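In what follows, a structure is listed as structure tokens, so that the remarks can point back to it.
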Amino acid sequence: MLEASYYDGRSARRHDVSLSIRDGRLYLSGPTVNRTDQLSDIDFGEPLAGASRCIEFLDGACCEVSNETALAKLLQEADLRESLVVRMQRHWRWALASLLALCSIFASAYIWGLPALAKGLAPHVPSPAVQRISDLALAQADQGLLTSSVLPAPRQQQILEYARARLNDTNSPVWRLHFRGSPTLGANAFALPAGDIVLLDGLVAKLTDEEIVGVLAHELGHVVHHHGIQQLIEGTAISLVMAAWFGDMSSVIASAGALLAMSGYSREAEAEADAFAARRLLQCCASSEALVSALGKLQESGKARGDLLGTHPDTIRRITAIREIKP
């Protein structure tokens with residue numbers, strides 16, 4: 001017989017009982033309690049170092065046993081083995097192997113699974129939602145990252161008409177050009193998911209019109225391949241996991257728009273955008289050298305960051321890949 005404490009699940013009163021197992025049944029007996037249950041109807045819980053084992057019954061009652069050694073012996077005599085997980089937890093090698101396996105699963109999901117999922121989902125996000133996301137991102141960027149452009153309106157119109165004449169055709173996505181300044185982003189440009197392209201004054205000051213078209217073609221590549229939405233899906237998924245872990249959901253919603261404006265794309269995404277730009281420039285201008293020249297200038301200036309060079313592959317490799325693309 002094993003001494004235990006019984007709670008009926010209806011009150012906090014403790015009942016002292018004796019516990020025994022025989023003939024496939026568990027027996028509890030005491031001054032105020034007598035019950036018999038099939039072993040198959042009982043959850044014997046897991047042993048925890050320094051804590052009582054909690055045995056749970058179908059009706060919500062429970063029984064606490066402090067003598068883990070005696071209980072384990074009783075269960076063994078009744079041919080009730082601990083689960084595989086419990087047995088593995090008792091051996092540090094198995095515990096370490098399980099931890100490493102779990103870390104590998106999470107790492108694989110982050111490196112391969114999440115990008116693949118985002119790439120598959122991105123094209124199916126409804127257009128109104130994509131436009132709303134872009135509007136939100138631009139509005140948030142205008143509140144902090146961006147300032148009004150100082151370019152004269154005639155110069156803005158000149159750039160817009162020059163780019164449209166070369167980049168627009170029946171297969172082109174819908175895109176809109178927004179001129180802005182920025183004290184922090186410098187010579188840069190970035191595309192939002194719905195086709196809104198932000199061109200900064202610092203970039204206009206450094207490049208020729210032909211080179212600006214090369215940069216815009218690159219940004220259109222991000223739009224065509226849905227890189228912005230992919231990035232948002234990945235970032236939001238990670239934020240949701242972190243929020244679920246740490247319990248703060250407000251930051252997920254508040255940072256969604258800024259994520260698009262501030263984060264760089266992956267190297268794979270940049271290579272796809274480069275390839276799109278190179279083919280488009282070869283089609284409209286017979287040469288992709290405008291993009292090559294723009295990358296060279298921005299690399300030399302040492303001031304490019306974020307979307308154009310901050311997380312991009314090595315510029316020399318990019319230029320080589322662009323020049324290898326033929327009409």
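Return a yes/no flag: does the range 170-179 have any residue that is touching a Phe, Trp or Tyr at 6+ places or on another chain (Cβ under 8 Å), at negative phi, surrounded by 14 or more Cβ atoms within 10 Å (Cβ to Cβ) and not assigned by TED's automatic domain parsing to the domain that holds residue 55.
Here is the first cut: in the range 170-179, the residues touching a Phe, Trp or Tyr at 6+ places or on another chain (Cβ under 8 Å) are none.
So far as the range 170-179 goes, no, none of its residues is touching a Phe, Trp or Tyr at 6+ places or on another chain (Cβ under 8 Å), at negative phi, surrounded by 14 or more Cβ atoms within 10 Å (Cβ to Cβ) and not assigned by TED's automatic domain parsing to the domain that holds residue 55.
Here the condition is being out of contact with any strand residue (DSSP E or B) (no Cβ under 8 Å at 6 or more places or on another chain), in the same structural domain as residue 190 (by TED's automatic domain parsing) and modelled with pLDDT of 90 or more; of 289, 268, it holds for 289 alone. Looking for something surrounded by 15 or more Cβ atoms within 10 Å (Cβ to Cβ), assigned to a helix (DSSP H, G or I), touching a strand residue (DSSP E or B) at 6+ places or on another chain (Cβ under 9 Å) and not assigned by TED's automatic domain parsing to the domain that holds residue 200 - is there at least one such residue anywhere in the range 33-46? Looking for residues that are surrounded by 15 or more Cβ atoms within 10 Å (Cβ to Cβ), assigned to a helix (DSSP H, G or I), touching a strand residue (DSSP E or B) at 6+ places or on another chain (Cβ under 9 Å) and not assigned by TED's automatic domain parsing to the domain that holds residue 200, one finds at least one in the range 33-46, hence yes.
Go through the range 219-239 and report how many residues are aliphatic (A, V, I, L, M) and free of Cβ contacts under 8 Å to residues at least 60 places away in the same chain.
Here is the first cut: in the range 219-239, the residues aliphatic (A, V, I, L, M) are 220, 223-224, 229, 232-233, 237-238.
In the following step, the residues that additionally are free of Cβ contacts under 8 Å to residues at least 60 places away in the same chain were identified as 223-224.
Residues that pass the stated criteria total 2.
Taking residue 80 as the residue in question, decide whether it is over 47 Å from the mean Cα position of the chain (by Cα), hydrophobic (A, V, I, L, M, F, W, C) and surrounded by 11 or more Cβ atoms within 10 Å (Cβ to Cβ). The answer is no for residue 80.
Just one of (1) at pLDDT 95 or above; (2) touching a helix residue (DSSP H, G or I) at 6+ places or on another chain (Cβ under 8 Å); (3) farther than 23 Å from residue 221 by Cβ fails for residue 140. It is (1). Tallying residues that are surrounded by 15 or more Cβ atoms within 10 Å (Cβ to Cβ) and either over 17 Å from residue 7 (Cα atoms) or hydrophobic (A, V, I, L, M, F, W, C) (or both) within the range 47-66 yields 8. Entry remark, the range 199-252: residues being crowded, with 17+ Cβ neighbours inside 10 Å and modelled with pLDDT of 90 or more number 29 in total.
Can you tell me which of 107, 139 is touching a residue at least 60 places away in the same chain (Cβ under 8 Å) and not assigned by TED's automatic domain parsing to the domain that holds residue 25?
Being touching a residue at least 60 places away in the same chain (Cβ under 8 Å) and not assigned by TED's automatic domain parsing to the domain that holds residue 25 holds for just one of 107, 139, which is 139.
Restricting attention to the range 292-314, the residues that are touching a helix residue (DSSP H, G or I) at 6+ places or on another chain (Cβ under 6 Å), assigned to a helix (DSSP H, G or I) and modelled with pLDDT under 85 add up to 1.
Restricting the search to the range 23-32, which residues are surrounded by 15 or more Cβ atoms within 10 Å (Cβ to Cβ) and part of a strand (DSSP E or B)?
Of the residues in the range 23-32, the ones surrounded by 15 or more Cβ atoms within 10 Å (Cβ to Cβ) are 25-28, 30.
Result: 25, 26, 27, 28.
The values are calculated or read from the model by the stated rules, or taken from the named source; none is laboratory data. All figures in this text were calculated on a predicted structure; none of them were measured in a lab. With ideal geometry, Cβ positions are generated from the backbone for all residues, glycine too; neighbour counts draw on all protein chains shown.
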